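Reviewing the structure listed below.
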Amino acid sequence: MSETAKPLLSVNNIEVIYDHVILVLKGVSLEVPEGGVVALLGANGAGKTTTLKAISNLLHAERGEVTKGAIEFDGEQIEKLTPNALVKRGVIQVMEGRHCFEHLSVEENLLTGAYTRSGGRGAINRDLEMVYGYFPRLKERRKSLAGYTSGGEQQMTAIGRALMSRPKMILLDEPSMGLAPQLVEGIFETVKRLNTEEGVSFLLAEQNTNMALKFATYGYILENGRVVMDGDAETLGSNEDVKEFYLGLSAGGRKSYRDVKHYKRRKRWLA
Amino acid sequence: MAFDWLFFLEVLIAGLLSGAMYSLVALGFVLIFKASGVFNFAQGAMVLLAALTFVRLVEMGAPLWLAGVSTLMVMVVLAMLVERLVLRQLVNQAPIILFMASIGLNFFIEGTAQGVWDSDVHALDLGVPDLPIDVFGMLISQFDIFAAAMVAALVVVLAVFFQKTRIGRALRAVADDHQAALSVGIPLQTIWVVVWSVAGVVALVAGLVWGSKLGVQFSISLVALKALPVLILGGFTSVPGAIIGGLIIGAGEKLAEVFIGPFVGGAIESWFPYMLAMVFLLFRPQGLFGEKIIERV
Ligand SMILES: Nc1ncnc2c1ncn2[C@@H]1O[C@H](COP(=O)(O)OP(=O)(O)OP(=O)(O)O)[C@@H](O)[C@H]1O
Ligand SMILES: [Mg+2]
């Protein structure tokens, strides 16, 4: 990215190892500018979730570890911080598969998002209304146990819960997973609104490349633990290889970038 | 001969009241199991530690309230030590490893409690005599009523704490999905300390009640064994299950002893709960109130 301003988040050449032996990320670098919506794309097992968890430091609870590289948020090194400290600083992850608290009501789920806040009840209630403003459906279901709500409602609950922490940036992992196309569109539109109206930046991991590039400003493509390509959403969307391998627009079926001889990989970690 | 309803009621109430103590011990198990995933073998030892600390402080001349507050502090310190030295080290380990650790913890607490204090039998007097009084023509122990009221008050306080406070909500969140709890910034370590402290409070109340009835001695750590059938009946993850399960076991064993016992040669009180639990296991393995597994389609 060519912005002169310092990015809100910058990940520099990180390596992640699970269980002391399984090397999953082999030098990933990326940036999210203040107010940006950046997509992190790639097939199953490419390392999207691992990248997000490296940033939010949920890795630690899965016996994963950042062994090389650095992560900087808002001008501060954050690799060593706990999720609690990170949420307080304004980065929060919405996990893949939503992970609502099933035996808590929708509203209680939202309130858990405010755990780290020191502000009084008043500010929290205002934000609750703000969340209900973006997701009116949640207001109707506020008393239901989250476990009994639909997949779409759970995704809204998970995003709403993150919003309750008043984040600067949300790491959103596969919001489209298992949802009907119209619902996915709705969720992405709300993400865009949150971005413009509330000033929340997003790093968005998605397999739904088409949808993600429609709403993101910039994108990275991960393959096998490495960034193989990055660029403006439009540039990526019109790239022949991206079209072929991620947008399913070719007749030849899916292949890997590795099979594409003419493709010049951009190795950001050497730059 | 007409059935003596008054006598039946008397036995039933005595059973329910002693059942309230079982509920209490089971409650300690459930809380810890839900929030930190540990099947806490050391629950009985915690009861012993609390009762022994309390009674020794009283013997040294402390007023009841001061002994209570000091013992509470001991239980909180214990919770902090457990978090620091056990849970934090074993995070992400298999449940069986945590269970083994709690066995070790059990012997450590028992040993420390008896090492610091002693292993004699101490009489504990909370100022309420264990004498029967007449309630609507029934004879009911005054102390049992007092104990049941104390248990009820504790349950109400806990319910309010879990349902209405920020920490209580966070506790339930951790019990539901600890990864998600972590992701919203709930620090598991703090929650573990809180939940083990709450289990310590529960152990204290159980220890006071049992200690007053039986004397404070090593054998009160065995009340934990009574919690097992209660847990099977009520489910390992259900707070209401622990309470109702305790009442059922308490009432069941007394009624069985008095009304069935004579026909089979007596002394069935000691094994009846286990048999009840086993029969139950055959029909409802998840327990009476075993937490509903929410499945969406
Ligand atoms: N806890 C773990 N322990 C060991 N290996 C892991 C762990 N979590 C993920 N992996 C491995 O890391 C690689 C990257 O996984 P990751 O979940 O980051 O991929 P992803 O891009 O999010 O995939 P998906 O689109 O399926 O969610 C995979 O090969 C996976 O098997
Ligand atoms: Mg993933």
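A few points about this structure:
- If the condition is being open to solvent by 10 Å² or more (accessible area, probe 1.4 Å) and in contact with a Phe, Trp or Tyr (Cβ under 9 Å, 6 or more places away or on another chain), then the range B:153-174 contributes B:ARG166, B:ILE167, B:ARG169, B:ARG172.
- Identification of helices (runs of 4 or more DSSP H) wholly contained in the range A:95-214 with 2 or more residues that are within 14 Å of another protein chain (Cβ to nearest Cβ) and in contact with a Leu (Cβ under 8 Å, 6 or more places away or on another chain) yields A:106-112, A:121-134, A:151-163.
- The requirement of being modelled with pLDDT under 50 and farther than 18 Å from A:VAL28 by Cβ is fulfilled nowhere in the range A:225-241; no residue meets it.
- Pairing residues of the range A:52-73 that are under 17 Å from A:PHE202 (Cα atoms) with residues that are within 16 Å of ligand 2 (Cβ to nearest atom) and assigned to a helix (DSSP H, G or I), at Cβ distances under 7 Å and at least 6 apart in sequence or on separate chains, gives A:LYS53/A:LEU59; A:SER56/B:SER183; A:ILE71/A:ALA54; A:ILE71/A:ILE55.
- Filtering the range B:255-273 to residues that are closer than 21 Å to B:VAL230 by Cα and among the aliphatic types (A, V, I, L, M) leaves B:LEU255, B:ALA256, B:VAL258, B:ILE260, B:ALA267, B:ILE268.
- Residue within the range A:95-102 that is more than 16 Å from ligand 2 (Cβ to nearest atom) and not charged (D, E, K, R) present: yes
- Residue in the range B:4-17 that is open to solvent by less than 10 Å² (accessible area, probe 1.4 Å), part of a helix (DSSP H, G or I) and at pLDDT below 90 present: yes
- Scan of the range A:69-94 for residues that are open to solvent by less than 20 Å² (accessible area, probe 1.4 Å) and away from every other protein chain (no Cβ under 14 Å), ordered by number: A:ILE71, A:PHE73
- Of all the numbered requirements in (1) within 17 Å of the chain's Cα centre (by Cα); (2) away from ligand 1 (no atom under 16 Å from the Cβ); (3) surrounded by fewer than 24 Cβ atoms within 10 Å (Cβ to Cβ); (4) of a type outside the set (Lys, Arg), A:ALA216 misses one, and that requirement is (3).
- Matching helices (runs of 4 or more DSSP H) fully within the range B:207-297 where at least 1 residues are in contact with an Asp or Glu (Cβ under 6 Å, 6 or more places away or on another chain), free of Cβ contacts under 8 Å to residues at least 40 places away in the same chain and open to solvent by less than 50 Å² (accessible area, probe 1.4 Å): B:272-283
- Scope the range A:175-204; condition out of contact with any Gly (no Cβ under 8 Å at 6 or more places or on another chain) and within 16 Å of ligand 1 (Cβ to nearest atom); matching residues: A:PRO175, A:SER176, A:VAL184, A:LEU203, A:LEU204
- Condition met for A:VAL66 (open to solvent by less than 20 Å² (accessible area, probe 1.4 Å), more than 7 Å from every other protein chain (Cβ to nearest Cβ) and under 20 Å from the mean Cα position of the chain (by Cα)): no
- Residues satisfying the stated conditions in the range B:85-113, i.e. under 22 Å from the mean Cα position of the chain (by Cα), open to solvent by 50 Å² or more (accessible area, probe 1.4 Å) and either modelled with pLDDT under 85 or over 30 Å from B:PRO187 (Cβ atoms) (or both): B:PRO95
- Screening the range B:224-244 for residues that are under 24 Å from B:ALA51 (Cα atoms) and in contact with a Gly (Cβ under 6 Å, 6 or more places away or on another chain) and picking the one that is modelled with the lowest pLDDT gives B:ALA224.
- Per-region count, the range A:152-174, residues out of contact with any Ser or Thr (no Cβ under 7 Å at 6 or more places or on another chain) and within 16 Å of ligand 1 (Cβ to nearest atom): 4
- Residue match in the range A:190-199 (condition: touching a Lys or Arg at 6+ places or on another chain (Cβ under 7 Å) and crowded, with 17+ Cβ neighbours inside 10 Å): no
The values are calculated or read from the model by the stated rules, or taken from the named source; none is laboratory data. Keep in mind it's a predicted model, so treat the numbers as computed, not measured. All Cβ positions, even for glycine, are placed from backbone atoms using ideal geometry, and neighbour counts span all protein chains on display. Side chains included, ligands, DNA and RNA excluded: accessible areas come from the protein's heavy atoms. Shrake-Rupley method; radii C 1.70, N 1.55, O 1.52, S 1.80 Å.
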